[in-house]
Amino acid sequence: MKAKIEPQKNQRIFIAGHNGMVGSAICRQLQHNNDVELVLRSRNELDLTNQQAVLNFFEHENIDQVYLAAAKVGGIVANNTYPADFIYENIMIECNVIHSAHLANIQKLLFLGSSCIYPKLADQPMAESALLTGRLEETNEPYAIAKIAGIKLCESYNRQHGRDYRSVMPTNLYGPNDNFHPENSHVIPALIRRFHEAKVNGDKLVVVWGSGKPKREFLYVDDMASASIHVMNLQKESYDKNTEPMLSHINVGTGIDCTIKELVDTLATVVGFKGKIKFDISKPDGAPRKLMNVERLKSLGWSYSTPLTDGLETTYQWLKNGNALVANKPLNNTSLF
């Protein structure tokens, strides 16, 4: 008599922050896997800053893996105006999700951080070993401290409880579901919107802050999702071999940067703006360069696949399809994804 073969159980994967740019990209990729069952909750359904609510959720949902992409995020103005909100809410989200996942005996978790964890004057390109070697950028220090805490939470649960909680640190991201608010968005969505509105309105001039000389690195969000899934599913032996117990995070980026002027020229072409571009040198440039060292991730078998121009064209097409431009209607200056 042949033994009965039980059907393989689908992996129940919770994506915290599935409505955000990165979380939604992870959803898009995982939803094609027949052996995956996505568990999703909006903020209205599950407040991740509420400890009891998060405990109850994990106690009843039988989750196998967690992608922690939820965070309170915003631009420079928001970070400067609401520093207490940024450090409090992000630390609460991380503590609640990571601790509750541990109590529910979930072995696999991936925490998504930010390149702002590195010192303001870190050597370029920024390697993982630069963490905690200098002062942070003042404008987003509370947010950066919260993200560093998330890394250390994962490492501490690994060391004390034998968990397999991992961390990835992305460079500047862009793509569908980005924030295109005219005042509080990051450089790529802000410029796309500015060029688009100038083209529609027939404006002959677009003014860009700074000299255009600083260099920045940009990664398309679907590549970030791919890297996140890749790191989550690495064999533990391979992950442990290429990281350290107290320096376990992995940079995610292209390893290639460009000047802001080069970015601006490319965006003008993608959007189809044919007017003049003026750089306002009275405005601040920020750090001269921010580039990630991605050798650790390359050694683990992953590299980016979307050239910058291709990613920008896809993002602009998504925007033109009516997904993000809400005319000039004010949006919240912070958002919880």
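A short reminder: the numbers here are calculations on the coordinates, not readings from a lab. Please read these numbers as outputs of a predicted model, since none were measured by experiment. Here the Cβ is made from the backbone with ideal geometry for all residues, glycine too, and neighbour counts use every protein chain on show.
Within the range 11-336, antiparallel bridges make up roughly 15 percent of the DSSP beta bridges whose residues both belong there. Calculated from the structure at hand, volume of the Cα convex hull per residue in Å³ is found among (i) 124; (ii) 162; (iii) 151 as (iii).
Per-residue ellipticity at 222 nm computed for the chain from its helices equals -12000 deg cm²/dmol, with DSSP H segments shorter than 4 residues left out and the rest contributing -39,500 (n - 2.57). Among the listed pairs Lys72/Lys213; Lys204/Lys261; Lys72/Lys298; Lys283/Lys320; Lys213/Lys276; Lys215/Lys278, those whose Cα-Cα separation exceeds 24 Å are Lys72/Lys213; Lys72/Lys298; Lys283/Lys320. Listed by chain and number, the lysines placed with their C-alpha closer than 17 angstrom to that of Lys9 are Lys108; residues fewer than eight positions away on the same chain are left out.
Given contacts defined as C-alpha pairs under 8 Å and at least six residues apart, what's the relative contact order of the chain, whole-number percent?
In percent, rounded to a whole number, it is 21.
Among the GluC sites (Glu not before Pro) in the range 133-217, those placed in a DSSP loop whose Cβ has at most 14 other Cβ atoms within 10 Å are Glu183.
Note on the range 44-97: Rg/Rh from Cα positions, Kirkwood definition for Rh, rounded to two decimals, is 1.05.
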